[in-house]
1. Restrict the check to segment B:15-34 and report whether at least one residue is among the aromatic types (Phe, Trp, Tyr), closer than 25 Å to B:Leu157 by Cβ and assigned to a loop (DSSP other than H, G, I, E, B).
2. Among the candidates B:Lys47, B:Lys89, B:Lys126, B:Lys106, which residue alone is of a type in the set (Lys, Arg) and under 19 Å from B:Lys154 (Cα atoms)?
3. More than 7 Å from every other protein chain (Cβ to nearest Cβ), within 27 Å of B:Ile281 (Cα to Cα), of a type in the set (D, E, K, R) and buried (at least 18 other Cβ atoms within 10 Å of the Cβ): does that describe A:Asp218?
4. When segment A:144-159 is examined, which residues are found to be more than 13 Å from chain B (Cβ to nearest Cβ) and among the aliphatic types (A, V, I, L, M)?
5. Please go through segment A:189-229 and give me each residue that is hydrophobic (A, V, I, L, M, F, W, C) and not in a helix (DSSP H, G or I), ordered by number.
6. Would you call A:Arg37 touching a residue at least 60 places away in the same chain (Cβ under 8 Å) and either among the basic types (Lys, Arg) or not assigned by TED's automatic domain parsing to the domain that holds A:Lys140 (or both)?
7. Return yes when A:Gly254 is part of a helix (DSSP H, G or I), within 7 Å of chain B (Cβ to nearest Cβ) and free of Cβ contacts under 8 Å to residues at least 40 places away in the same chain and no when it is not.
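The values are calculated or read from the model by the stated rules, or taken from the named source; none is laboratory data. None of these values were measured; they are calculated from a predicted model. Neighbour counts are summed over all protein chains in view; Cβ atoms, including those assigned to glycine, are modelled from backbone coordinates with ideal geometry.
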There are 2 protein chains.
Amino acid sequence: MNFNNITIIGVGLIGSSFALALKERGFKGSITGVGRREEYLARAKEKGIIDRYATVYEEGVKDADLIILASPVGQFEQIINRIGSSIKKGAIVTDVGSVKADIIKKIEPLMPEGVSFVGGHPIAGKECPGFDAAIPDLFKNAKCIITPSYNTDKDALQKIRDLWETVEARIVLMSPEEHDMIFAAVSHLPHVVAYALVNSITEMKDGILDNGGKGLKDMTRIALSPTELWRDICACNQKEILASLKTFSSSLSGMIELIEASDWVGLEKEFRRAKEARQSIESD
Amino acid sequence: MNFNNITIIGVGLIGSSFALALKERGFKGSITGVGRREEYLARAKEKGIIDRYATVYEEGVKDADLIILASPVGQFEQIINRIGSSIKKGAIVTDVGSVKADIIKKIEPLMPEGVSFVGGHPIAGKECPGFDAAIPDLFKNAKCIITPSYNTDKDALQKIRDLWETVEARIVLMSPEEHDMIFAAVSHLPHVVAYALVNSITEMKDGILDNGGKGLKDMTRIALSPTELWRDICACNQKEILASLKTFSSSLSGMIELIEASDWVGLEKEFRRAKEARQSIESD
């Protein structure tokens with residue numbers, strides 16, 4: 001293990017699961033949790049998720065040789081502005097945010113001399129927030145996307161790869177821009193669609209949502225996700241999310257047209273195309 | 001139990017699960033499976049799901065005092081045209097189709113003298129078709145919507161209620177029209193959206209679908225459903241499905257506008273409205 005003192009800013013589901021994952025895999029160093037709510041952090045410490053905590057961010061990061069940003073992406077810039085001068089030389093900063101290009105553009109230039117930033121995004125999560133939902137195997141066999149920019153230090157990159165391999169994630173490298181295009185499509189778009197779907201059903205007739213079966217529940221489960229997190233993601237990946245929403249809108253319009261035209265053969269062809277694509281990832 | 005000889009037309013997931021559910025709850029009569037594929041029916045008999053089978057539909061129904069239509073809804077009219085004159089007097093015909101008004105309008109007038117039709121729709125299912133996926137508790141605690149029309153015989157209605165109570169479903173009565181409006185919103189719309197979502201993601205960039213996490217998988221699982229079944233449902237409930245698709249389209253357009261306008265406060269408000277509605281059905 002390349003790190004002794006790890007500070008996690010944002011002791012939510014991902015941050016806590018990461019702490020548990022490291023501890024379960026023999027990490028002997030110290031894990032500090034940083035956040036705004038002291039009582040919450042104290043409970044996380046009591047549960048053995050973190051070893052120390054701080055609500056004064058500068059205090060919490062000063063000994064760290066690894067700092068993990070695990071709060072909503074909308075807060076990253078402000079956090080780095082606040083802690084920047086307290087980070088020790090040689091430390092590495094990484095993150096677990098769902099958006100990459102925008103935040104890297106903003107926070108990479110804020111890194112002090114001798115501090116490296118490496119962007120990361122583990123594809124793991126649940127709708128329930130907070131450390132009570134944390135599990136040590138959340139990242140096991142999950143993909144972790146690491147998004148080096150042309151500024152990224154090679155040595156720091158290798159250490160972050162090793163870090164995620166320690167918790168048994170499968171590393172995938174891609175550029176921040178490619179990441180944001182792909183995850184706009186496979187993650188951000190579905191979230192916006194799930195929120196819109198729930199709203200439209202309640203608009204059609206109030207109270208009918210509970211007539212849905214397992215299919216509707218599965219399909220709208222991500223509408224239980226923290227709203228401020230997804231608001232931030234939409235703000236940080238606005239351009240790609242809009243592009244994916246427009247592609248989806250036209251797929252949907254195409255289906256509406258087929259139904260309006262009673263073109264059942266054409267409609268089933270579209271359904272079958274979707275089914276076959278979906279089947280290709282079923283066994284993953 | 002009001003019936004001795006039950007014939008199930010369409011020995012798929014729902015038909016087979018119903019047969020298993022009855023048998024597990026002490027049904028001592030005979031269950032006949034009717035379908036087109038003899039080899040398939042023979043295997044279902046071997047597995048103990050049905051007691052007898054017939055590929056000549058007229059043969060399969062002639063002794064039945066209960067006939068359950070469990071094939072795709074698009075086939076109901078043709079099936080009743082074929083078997084009508086073979087149904088014995090006093091028998092009851094019911095169905096498990098996801099669409100009600102259109103099919104009731106078509107098949108109720110085709111019932112021979114002395115034969116009653118009662119429409120039903122159990123809210124249960126999985127994406128995997130066929131009897132291999134069947135389970136005896138599929139309907140336990142699930143809602144079963146029963147949709148009497150003004151023609152429905154009261155005695156037959158009571159017997160169909162009793163039938164679903166035997167397999168531990170929770171009965172809900174509503175008119176065929178109300179059923180179709182509600183299920184267009186909570187079931188048919190989500191299916192079309194899931195198919196469109198998968199297609200739009202693959203259109204954005206081929207091969208990226210497997211970057212999605214559990215959220216995407218849950219959300220698109222219903223795109224694995226049988227395409228001909230959903231084609232038929234769209235054809236039979238065209239008007240209500242179009243209405244729900246248009247309401248959804250405008251919810252979606254509203255979110256696109258908020259994102260385009262960078263109105264993050266407004267967007268989060270929409271997200272929160274959805275989250276709260278979705279939470280209200282979480283514990284169901």
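1. If we filter segment B:15-34 for residues that are among the aromatic types (Phe, Trp, Tyr), which is where we start, we get B:18, B:27.
Checking which are closer than 25 Å to B:Leu157 by Cβ leaves us with B:18, B:27.
After this cut, where a residue has to be assigned to a loop (DSSP other than H, G, I, E, B) as well, the list is B:27.
Yes: segment B:15-34 contains one or more residues that are among the aromatic types (Phe, Trp, Tyr), closer than 25 Å to B:Leu157 by Cβ and assigned to a loop (DSSP other than H, G, I, E, B).
2. On the way: B:Lys47 fails: under 19 Å from B:Lys154 (Cα atoms); B:Lys126 fails: under 19 Å from B:Lys154 (Cα atoms); B:Lys106 fails: under 19 Å from B:Lys154 (Cα atoms).
Step by step, each of B:Lys47, B:Lys89, B:Lys126, B:Lys106 is checked, and only B:Lys89 is of a type in the set (Lys, Arg) and under 19 Å from B:Lys154 (Cα atoms).
3. On the way: more than 7 Å from every other protein chain (Cβ to nearest Cβ): no; within 27 Å of B:Ile281 (Cα to Cα): yes; of a type in the set (D, E, K, R): yes; buried (at least 18 other Cβ atoms within 10 Å of the Cβ): yes.
No, not satisfied.
4. If the condition is that a residue be more than 13 Å from chain B (Cβ to nearest Cβ) and among the aliphatic types (A, V, I, L, M), then A:Ile146, A:Ala156, A:Leu157 are the ones that fit.
5. Applying the first criterion (hydrophobic (A, V, I, L, M, F, W, C)) to segment A:189-229 yields A:189, A:192-194, A:196-198, A:201, A:204, A:208-209, A:216, A:219, A:222-224, A:229.
Result: A:Ile208, single match.
6. Values: touching a residue at least 60 places away in the same chain (Cβ under 8 Å): no; either among the basic types (Lys, Arg) or not assigned by TED's automatic domain parsing to the domain that holds A:Lys140 (or both): yes.
When the stated conditions are applied, A:Arg37 does not pass them.
7. Numbers: part of a helix (DSSP H, G or I): yes; within 7 Å of chain B (Cβ to nearest Cβ): no; free of Cβ contacts under 8 Å to residues at least 40 places away in the same chain: yes.
So A:Gly254 fails the test.
Residue-by-condition table, conditions (1) more than 14 Å from chain A (Cβ to nearest Cβ); (2) under 15 Å from A:Gly213 (Cβ atoms):
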position	(1), (2)
B:Lys88	yes, no
B:Ala91	yes, no
B:Gly97	yes, yes
B:Val115	yes, no
B:Phe131	yes, no
B:Ala142	no, yes
B:Arg161	yes, no
B:Thr166	yes, no
B:Glu177	no, no
